[in-house]
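The values are calculated or read from the model by the stated rules, or taken from the named source; none is laboratory data. Quick caveat, the model's predicted, so the values are computed rather than measured. Neighbour counts are summed over all protein chains in view; Cβ atoms, including those assigned to glycine, are modelled from backbone coordinates with ideal geometry.
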Amino acid sequence: MAAGFRHSLALGTDIPDEVRGEIVSWGSDEDYQVWGTPGGSGYAQVAAGRKHSLVLRSDGSIVAWGYDYHGQVSNTPVGPGFTQVSAGGFHSLALRSDGSIVSWGRDKFGLVSNTPLATGFTQVAAGAAHSLALRPNGRIVSWGRDFEGQVSDTPVGTGFTQVAAGGRHSLALRSDGSIVAWGWDVEGQVRGAPEGGRFTQVAAGGAHSLALLADGSIASWGYDDSGQVSNTPLATGFTQVAAGWWHSLALRADGAIVAWGRDDENQVSHAPEGMDFTQVAAGGDHSVALRAHISAWSDAGSALAGVHGDPLLDGTGSIVAGSDIVFGLRAAAPTAAAGLFLGLSSSPVPFKGGTLMPAAFMAPLMHTTGPFGEILVSFVMLEGLPTGTELWAQWAIQDAAAVGGVALSNAIMGLVP
């Protein structure tokens with residue numbers, strides 16, 4: 001979960017493969033934080049900065065939108081291989097699979113240029129003008145603005161399991177479930193941190209903070225001008241919390257969202273209804289949530305590895321006559337010839353050292369992968385197919401690293417409703 005200044009974002013965790021996240025945004029749209037929200041599904045994590053947002057795709061690539069004066073959108077790194085993103089005031093952080101950190105955006109206070117160069121980090125958190133990163137042994141590294149002790153007062157030692165960066169203060173969760181707070185304390189956002197070892201998550205807002213207890217109840221402290229503290233829900237059974245600049249969000253175990261705090265941009269009153277959300281995140285004056293999307297497709301396996309391992313095929317869209325279906329390919333060889341095999345049944349046959357699953361009813365649809373081994377292909381669903389008819393799909397990609405010079409994606413199958 002990530003929280004920013006004037007909007008919020010959320011992401012699902014432990015989502016099954018057949019469930020793909022769709023992003024819902026609400027609140028301030030001053031810099032297209034809402035209007036610019038990417039469509040589709042297949043998202044794995046979201047993060048909210050002051051006026052910009054980030055989302056991590058399931059293939060590890062990053063999409064950014066919103067305010068871009070300092071390059072927080074246009075300088076977003078390209079390509080897959082990222083595992084976490086965090087959006088701050090006017091800068092952003094991303095964690096690579098090797099634990100190295102990439103930062104971009106505004107470089108005041110060394111937010112970008114002083115980013116640690118080591119690998120092996122396990123989490124990053126971007127605040128208003130400071131940043132945090134967590135080492136594998138639980139040691140915290142910080143950099144950026146230090147006028148309020150955001151860097152120099154960072155707790156020493158190991159054993160921390162999560163960090164959260166707010167406006168001018170920070171929080172860290174110890175392995176025993178206790179909380180440490182440091183930085184600006186004018187509103188009690190540091191000295192008001194609750195004691196004890198019952199906590200499972202922390203979130204730092206503009207000048208207030210949240211913590212989730214083991215029973216799913218919420219503790220809050222700090223600035224309370226708009227009910228950020230006094231209007232905190234009293235129930236148990238919450239699974240995630242997110243602190244924005246002046247508002248907060250919480251996710252119930254049933255997937256419903258609760259919002260409270262300042263509502264001048266409808267960041268509270270326009271919180272979406274329903275019980276199919278998997279994560280929430282709070283930014284400055286807007287919020288974003290990830291909604292579970294159940295895929296109409298099931299994964300039949302049978303991939304044959306290439307240069308980047310198993311190429312990954314997924315399908316989105318309804319399997320209804322005349323509907324648009326999008327077949328996506330990721331983790332394939334770059335700029336390579338690829339053919340999409342479609343079948344109305346499965347008749348597995350040996351193919352270039354692997355197994356081709358669809359009983360093809362037409363010649364493969366030929367395309368070329370992009371520079372990162374990706375393809376998106378639209379296909380209009382056939383008319384006149386009876387209910388229960390199967391539609392099978394599988395990619396074959398030219399790949400010198402594959403056993404027979406051709407890699408195969410996983411096969412997927414959908415049923416006509």
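Give segment 290-347 a look and list any residue that's among the charged types (D, E, K, R), farther than 30 Å from A256 by Cβ and surrounded by fewer than 20 Cβ atoms within 10 Å (Cβ to Cβ), or say none. Once the filter is applied, which keeps residues that are among the charged types (D, E, K, R), farther than 30 Å from A256 by Cβ and surrounded by fewer than 20 Cβ atoms within 10 Å (Cβ to Cβ), segment 290-347 yields D310, D324.
Mind listing whichever residues of segment 68-87 are of a type outside the set (F, W, Y) and touching a Phe, Trp or Tyr at 6+ places or on another chain (Cβ under 8 Å)? Explain how you work it out, then say what you get.
So the first thing to find is which residues in segment 68-87 are of a type outside the set (F, W, Y), and the list is 68, 70-81, 83-87.
Result: H70, G71, Q72, V73, N75, T76, P77, V78, G79, P80.
Residues considered: G120, G127. Of these, the only one that is small (G, A, S), more than 16 Å from the chain's Cα centre (by Cα) and buried (at least 19 other Cβ atoms within 10 Å of the Cβ) is G127. Counting only strands (runs of 3 or more DSSP E) that fall entirely inside segment 105-150 and contain at least 3 residues that are touching a Phe, Trp or Tyr at 6+ places or on another chain (Cβ under 8 Å), the qualifying elements are 130-134, 140-144.
Evaluating T13 against the criteria (1) of a type in the set (S, T, Y); (2) at pLDDT 95 or above; (3) in a loop (DSSP other than H, G, I, E, B); (4) closer than 26 Å to H208 by Cα leaves one unmet condition, (2). Screening segment 207-278 for strands (runs of 3 or more DSSP E) wholly inside it with 1 or more residues that are buried (at least 23 other Cβ atoms within 10 Å of the Cβ), touching a Lys or Arg at 6+ places or on another chain (Cβ under 6 Å) and not aromatic (F, W, Y) returns the ranges 247-252.
Just so you know, in segment 71-104 the residues that are among the aliphatic types (A, V, I, L, M) and assigned to a loop (DSSP other than H, G, I, E, B) include one that is farthest from G167 (Cα to Cα), and it is V78. In segment 24-42 there is no residue matching the filter, namely being part of a strand (DSSP E or B) and under 11 Å from the mean Cα position of the chain (by Cα).
Yes or no, residue by residue, for (1) aliphatic (A, V, I, L, M); (2) surrounded by 18 or more Cβ atoms within 10 Å (Cβ to Cβ); (3) touching a strand residue (DSSP E or B) at 6+ places or on another chain (Cβ under 8 Å):
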residue	(1), (2), (3)
A133	yes, yes, yes
R139	no, no, yes
S142	no, yes, yes
T154	no, yes, yes
G159	no, no, yes
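Within segment 151-165, if we keep just the residues that are part of a loop (DSSP other than H, G, I, E, B) and touching a Ser or Thr at 6+ places or on another chain (Cβ under 7 Å), the residue that is nearest to T122 (Cα to Cα) turns out to be G159.
Inspect segment 184-200 for any residue being among the hydrophobic types (A, V, I, L, M, F, W, C) and under 21 Å from A48 (Cβ atoms) and give the result as yes or no. So far as segment 184-200 goes, yes, one or more of its residues are among the hydrophobic types (A, V, I, L, M, F, W, C) and under 21 Å from A48 (Cβ atoms). Has segment 214-222 got any residue that is under 18 Å from V280 (Cβ atoms) and β-branched (V, I, T)? Within segment 214-222, one or more residues are under 18 Å from V280 (Cβ atoms) and β-branched (V, I, T). With (1) surrounded by 13 or more Cβ atoms within 10 Å (Cβ to Cβ); (2) of a type outside the set (A, V, I, L, M, F, W, C); (3) within 17 Å of A321 (Cβ to Cβ); (4) out of contact with any strand residue (DSSP E or B) (no Cβ under 7 Å at 6 or more places or on another chain) as the list, and G404 as the residue in question, which single condition is left unmet? For G404, the exception is condition (3). Would you call D68 touching a residue at least 60 places away in the same chain (Cβ under 8 Å) and part of a loop (DSSP other than H, G, I, E, B)? So D68 fails the test.
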